[in-house]
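A short write-up of the structure that comes next.
The values are calculated or read from the model by the stated rules, or taken from the named source; none is laboratory data. Since the model is a prediction, treat every value here as computed from it, not as a measurement. Glycine gets a Cβ as well: all are built from the backbone with ideal geometry, and neighbour counts include every protein chain shown. When the accessible area is computed, the model is the full protein with side chains, heavy atoms only, and any ligands, DNA or RNA have been set aside. Shrake-Rupley method; radii C 1.70, N 1.55, O 1.52, S 1.80 Å.
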Amino acid sequence: MTGQTFKPVTAAEIVEKTKQYAKDGYRLIQIHCTKTPQEMFIIYTFEKIDLSCENLKMDVQVGDTVPSISGVFFGAVLYENEIHDLYGVNFSDLAVDFKGTFYETSVKQAFAQTGADNKE
Amino acid sequence: MGFNVIGKTIMKSLFGKPATAMYPIVKNEFYPNTRGRIENDITLCNYCGLCGRRCPAGAIEVSKPEKKWEIDRTRCIVCNFCVQVCARNALSTERHYTTPMTDKSKRITTLYGEKEEPVKEKVQENA
Amino acid sequence: MGERTIIPFGPQHPVLPEPLHLDLILEDEKVVGAVPSIGFVHRGLEKLVEKRDFHEMVYVIERVCGICSFIHGQGYCQTVEGLMGIEIPERAKYLRTIWAELSRVHSHILWLGLMADAYGFESLFMHCWRVREKVLDIFEETTGGRVIFSVCRVGGVWKDIDNDTLKRIVTVLKDVEKEIKELSDVFIKDYTVQKRTRGVGVLTYQEAIDLGAVGPTLRGSGVPMDMRKLGYAAYGELDFEPIVEKDGDCYARTLVRVREVFQSLDLIYQAVNKIPDGEIATKVRGNPPAGEFISRLEQPRGQVIYYAKGNGTKYLDRFRVRTPTFANIAPLLKMLPGSDLADVPILALTIDPCISCTER
Ligand code: SF4
Ligand code: SF4
């Protein structure tokens, strides 16, 4: 199956890279964040009309500010707000900024705690 | 053309069998596969506790010294996983659903194995 | 230019049983903007993966949604199998395909019923759901559950359907097909329905691609993308083409779903003819290794993406579900401006929103 490679990318390049993908006929299909005790990163997935897909992987930390790609793909707004609310990563220049009200969780940044932090 | 379609549907509705069943009078027939609720044949159980550890909903509690097997019927999601993992085939899925309850304390079903002779079965619906 | 008013739509609205909230910005009767908010029932199921081992997690992931529950289970298993490098038996692949397609049939019929209800065609709604009941009965007979099947497992499936039952299912489905044919005429030919749906909420080809629309919303705008073409499960061996409509309006999206019902039925007939005998599950040894895997599947509502990250223990580090409705919210926001307030419920319905998926 295609799309199992994860190309590293930095926060400074992400907007440029996204524009390049947009030019090549890709579209954004998802962004998600992962936090494990060892590492934390965001994965961007792009897909082409022939169903091939590519991933970019960007290392981040809680509290970092990352440029938003919602200027290129508007759909990114939802994913970025989700990551902001659940992981506490900030995005600059969001097209629509919910300011932390997208998911009203009782614990702020609920997903930023990992299994090691709160063992039963 | 439109009239024909509707005419057929009207005829079917008028003279056909209703699609619904008169529930309390006509009871629903369950299929042999229907997953209703979990039952334990306590004579086969050796209180290993595997079902309780593997249950995704945390519905089963087993205690070896007391020979106790307990299920919280309102927590159980009838996923059938405990039935698959039980090495002694003590568990099975009954076709009938748990009856609705008005009293929350009825949700827990506890089975005790016989203390000395593990042959006889003593079933106690917990209060 | 009229005065602007903001009207809240939802979270409790008669057309949707689930909490989706839209702040509609209106100028007279025309919608000029919309701001969505979700998260009313967010459950954080993805997080549970750190506390449930990877075999148990199937049952949790299945409960992400009540309608596409099977495909969620299938997708989870497929992702973990991909991570662990397990090849499942052929028969299991076909069984998964059959159940997945049955799910699609019942989901689309359910949606057609809801759509009929949104126009005010109450008895059409009832008839759609009456037909759907037959599909649910097939589920109950073969898996034991009407909504949540719990038949998928990492490495295959739990239950087999014997060949006689498969034949019987086909006869039942032929019945369903006949009835849907009758009902679908209303959606396709009825004057009133066309008045409500034609030209409403147009999403152009390019918009659909850029905004990341998926599923019937995408195909209704003329983009031939269907994840089943990736050939997962048994789809690689079945003969089908993505169903595409050009117009991009509500009518086109309805048409795509109507035609997909027949396509899915046809896929089931093909699968029943081709299904090989044999094992239904392989033995799974060990734990998912450290690594990552992404898989994409087609749900009734569109493409769904799963991402799994293993770390060598029996708990996965991360499991992510990107559900189709989540991706379709952005296109919905694009469709709304320019439509009448009265069309908003229909527009919200044409993306087939499944909020319980979105709020996994
Ligand atoms: S797994 Fe079987 S034998 Fe073990 S405690 Fe549960 S029911 Fe008893
Ligand atoms: S059926 Fe599933 S939820 Fe119910 S007790 Fe067994 S393992 Fe637990």
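Just need a number here: residues in the range C:207-227 that are surrounded by fewer than 23 Cβ atoms within 10 Å (Cβ to Cβ) and more than 10 Å from chain A (Cβ to nearest Cβ).
Here the count works out to 1.
If we only count helices (runs of 4 or more DSSP H) wholly inside the range C:57-142, which ones have 3 or more residues that are touching a residue at least 12 places away in the same chain (Cβ under 8 Å) and within 13 Å of another protein chain (Cβ to nearest Cβ)? Break it down into steps so the answer makes sense when it comes.
Values: elements: C:57-62, C:69-84, C:90-119.
Where helices (runs of 4 or more DSSP H) fall fully within the range C:57-142 and carry at least 3 residues being touching a residue at least 12 places away in the same chain (Cβ under 8 Å) and within 13 Å of another protein chain (Cβ to nearest Cβ), they are C:57-62, C:69-84.
Pairs, please: C-beta under 9 Å, at least 6 apart or cross-chain, first residue touching a residue at least 60 places away in the same chain (Cβ under 8 Å) and facing chain C (nearest Cβ under 7 Å) and in the range A:24-37, second of a type in the set (A, V, I, L, M, F, W, C) and surrounded by fewer than 20 Cβ atoms within 10 Å (Cβ to Cβ)?
A:T36/A:A116
Looking at the range B:35-105, what strands (runs of 3 or more DSSP E) fall wholly within it and have at least 1 residues that are under 30 Å from C:G66 (Cβ atoms), polar (S, T, N, Q) and near ligand 1 (Cβ under 9 Å from one of its atoms)?
Of the strands (runs of 3 or more DSSP E) lying wholly inside the range B:35-105, those with at least 1 residues that are under 30 Å from C:G66 (Cβ atoms), polar (S, T, N, Q) and near ligand 1 (Cβ under 9 Å from one of its atoms) span B:37-40.
Output the residues belonging to the range B:47-67 that are away from ligand 2 (no atom under 15 Å from the Cβ) and of a type outside the set (D, E).
Initially, the range B:47-67 is screened for residues away from ligand 2 (no atom under 15 Å from the Cβ), giving B:47, B:63-67.
Within the range B:47-67, B:Y47, B:S63, B:K64, B:P65, B:K67 qualify.
Quick check on the range C:240-262. Is at least one of its residues open to solvent by less than 40 Å² (accessible area, probe 1.4 Å), among the small types (G, A, S) and under 15 Å from the mean Cα position of the chain (by Cα)?
no
If a residue has to be under 23 Å from the mean Cα position of the chain (by Cα), open to solvent by 10 Å² or more (accessible area, probe 1.4 Å) and away from chain B (no Cβ under 11 Å) to count, how many in the range C:148-168 make the cut?
Going through the range C:148-168 one residue at a time, the tally reaches 0.
Determine whether A:T101 is open to solvent by less than 30 Å² (accessible area, probe 1.4 Å) and of a type in the set (V, I, T).
Working: open to solvent by less than 30 Å² (accessible area, probe 1.4 Å): no; of a type in the set (V, I, T): yes.
Criteria not met by A:T101.
So how many residues does the range C:319-344 have that are surrounded by fewer than 22 Cβ atoms within 10 Å (Cβ to Cβ) and closer than 20 Å to C:E56 by Cβ?
1
Filter the range B:87-98 for residues that are more than 9 Å from ligand 2 (Cβ to nearest atom) and open to solvent by less than 60 Å² (accessible area, probe 1.4 Å); which is farthest from the other protein chains (Cβ to nearest Cβ)? So that I can check it myself, show each step before the final result.
First, pick out the residues of the range B:87-98 that are more than 9 Å from ligand 2 (Cβ to nearest atom): B:87-90, B:92, B:94-98.
Next cut, open to solvent by less than 60 Å² (accessible area, probe 1.4 Å) only: B:90, B:92, B:98.
Numbers: B:A90: 18, B:S92: 12, B:T98: 14 Å.
So, considering only residues that are more than 9 Å from ligand 2 (Cβ to nearest atom) and open to solvent by less than 60 Å² (accessible area, probe 1.4 Å), the one farthest from the other protein chains (Cβ to nearest Cβ) is B:A90.
The conditions are (1) within 22 Å of the chain's Cα centre (by Cα); (2) more than 30 Å from C:D162 (Cβ to Cβ); (3) without any contact (Cβ under 8 Å) to a residue 24 or more places away in the chain, and C:L48 fails exactly one of them. Which is it?
Going through the list (1) within 22 Å of the chain's Cα centre (by Cα); (2) more than 30 Å from C:D162 (Cβ to Cβ); (3) without any contact (Cβ under 8 Å) to a residue 24 or more places away in the chain, C:L48 breaks only (1).
Taking C:E298, is it modelled with pLDDT under 80 and charged (D, E, K, R)?
Answer is no for this residue.
Test each condition in (1) away from ligand 1 (no atom under 16 Å from the Cβ); (2) in contact (Cβ under 8 Å) with a residue 60 or more places away in the chain for B:G113 and report the one that comes out false.
Against the list (1) away from ligand 1 (no atom under 16 Å from the Cβ); (2) in contact (Cβ under 8 Å) with a residue 60 or more places away in the chain, B:G113 comes up short only on (1).
For the range B:68-79, name all the residues that are within 7 Å of ligand 2 (Cβ to nearest atom) and crowded, with 22+ Cβ neighbours inside 10 Å.
Of everything in the range B:68-79, those that are within 7 Å of ligand 2 (Cβ to nearest atom) and crowded, with 22+ Cβ neighbours inside 10 Å turn out to be B:I71, B:V78, B:C79.
Working carefully through the options C:E177, C:E140, find the one that is charged (D, E, K, R) and open to solvent by less than 10 Å² (accessible area, probe 1.4 Å).
On the way: C:E177 fails: open to solvent by less than 10 Å² (accessible area, probe 1.4 Å).
Residue meeting the stated conditions: C:E140.
Give all pairs with beta carbons closer than 8 Å in which a residue from the range B:65-76 that is within 14 Å of another protein chain (Cβ to nearest Cβ) meets a residue that is within 11 Å of ligand 2 (Cβ to nearest atom) and part of a strand (DSSP E or B); count only pairs at least 6 apart in sequence or on separate chains.
Partner pairs satisfying both residue conditions: B:C76/B:R37; B:C76/B:I38; B:C76/B:I60.
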